[in-house]
Amino acid sequence: MTNSEPTPRKKAANGEDSIYWDKSKNRYIGAISLGYEPNGTRRRTKVSGKTKTEVRSKLRKLRNELEKGVKSSSKNTVETIVNTWLDRGLRGRDEGSIKTYRSLAKNHVIPDLGKAKVHELSSDEVDEWLTAKSEEVSHETLKRIRSVLRRSIALAQRDGKVARNVVEFVELSQGKEGRPSKSLSLEEAHAVLHTRQGSWIHAYVVLALLVGVRTEEERPLTWSHVHIDTDGDDRPYVDVWRSVRKKGETKTRKSKRSLTMPHHAAVVLTRHRQTQQEECAAGGIEWSEERLVFGHPDDTQRSSTNVLRELRSLLKSAGLSAPKAWTTRELRTSFVSLLSDHGTPIEVIARLVGHSGTSTTETVYRKQIRPVITEGAEAMDEIFRPNEA
């Protein structure tokens, strides 16, 4: 044996950890004995490293985890725990959310970190990865990517496969600026509201633009939540109680709200309901208040893609340039913008769009909110306007 060759394997006593050189792998191997299987086969967990010092460190960490009830394994890679979370952690979510998270996992998390062993993943490695990602994706996408990894490790932690969630110790980088939202001008809004009248997409646009309902709230909306035939002094209103979640809870506490409809919206929805009732009667279908307001003729819910396609078709008919550049959520940003331009206080707008405070409203719709700081100057100009000669 030459002096350069590693020390040969030494048999460990019962209950001891062992470290030995594996020539085939060109690495040191450390093993912990975990007793025996019912059939008499020894149960062992192994780690490897380039030096004995590295292996000893890994063995100490593994021992600590075992004492805490954690069962680390080289089989517990980021890819395996992410796939486990996709299968078990998304129960109760709607199909759109599941599709989004699966896409983020498939295109970002698994390609970049999939082969890494979860128990060896460090906060520094996650931080470097997210910092690099911040140069590629928007801040919102970056938050969701981080969420996929954090929730996947949290589930693995709950299952006793990892001792701690290293993502919790990582601060999020800013990320690229996302595509700025647009808003319809008053003139454009007028054109849109008078295009393809009598169609379901026209009624859909009217409710989104004049009441500020989210697209994920409109698509599952039933007539039982639309109150057009009100008595006395009550104005028509809509209950936005449906949710993007299958279990029935709303997105936030403030998301569950009842919104008064302007006269124009009430008239349009009344006509839309009458048209739907006539179509049901012609087809020999019984109409009920549990029917979807904007559903397909067979009362199945429309997909977001279907709504977007019809919206862009309507915008094209209304004469808007580049209709394919618009999204359904920009009906809601237009709702905020039009209210703000009219002088509606930010507190009122926040309540209408279902936010628990003004902070989210000001952040999400910062380009649609008229800066409050200018109001004092405008008021003083009105008060102290110079006398005209």
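The values are calculated or read from the model by the stated rules, or taken from the named source; none is laboratory data. Since we're looking at a predicted model, the values are computed, not measured. For neighbour counting, all protein chains shown are included, and Cβ atoms are generated from backbone atoms with ideal geometry for every residue, glycine included.
Annotations for the structure displayed:
- Restricting the first member to the range 78-107 and to residues that are within 17 Å of Arg158 (Cβ to Cβ), and the second to residues that are part of a helix (DSSP H, G or I) and of a type in the set (D, E, K, R), the beta-carbon pairs closer than 7 Å and six or more apart or on different chains are Trp85/Arg151; Leu86/Arg102; Gly89/Arg151.
- Hits in the range 128-149 - residues which are closer than 25 Å to Leu90 by Cα and charged (D, E, K, R): Lys133, Glu140, Lys143, Arg144, Arg146
- Within the range 85-97, not a single residue is assigned to a helix (DSSP H, G or I), of a type in the set (S, T, N, Q) and either touching a strand residue (DSSP E or B) at 6+ places or on another chain (Cβ under 7 Å) or closer than 28 Å to Gly49 by Cα (or both).
- Those helices (runs of 4 or more DSSP H) lying entirely in the range 150-269 with at least 1 residues crowded, with 18+ Cβ neighbours inside 10 Å, at pLDDT below 90 and not assigned by TED's automatic domain parsing to the domain that holds Thr131: 200-211, 215-218
- Helices (runs of 4 or more DSSP H) lying entirely in the range 290-363 (those with 3 or more residues that are on the phi < 0 side of the Ramachandran plot and at pLDDT below 80): 346-353
- Test: residue in the range 73-86 that is at pLDDT 85 or above and more than 21 Å from the chain's Cα centre (by Cα): yes
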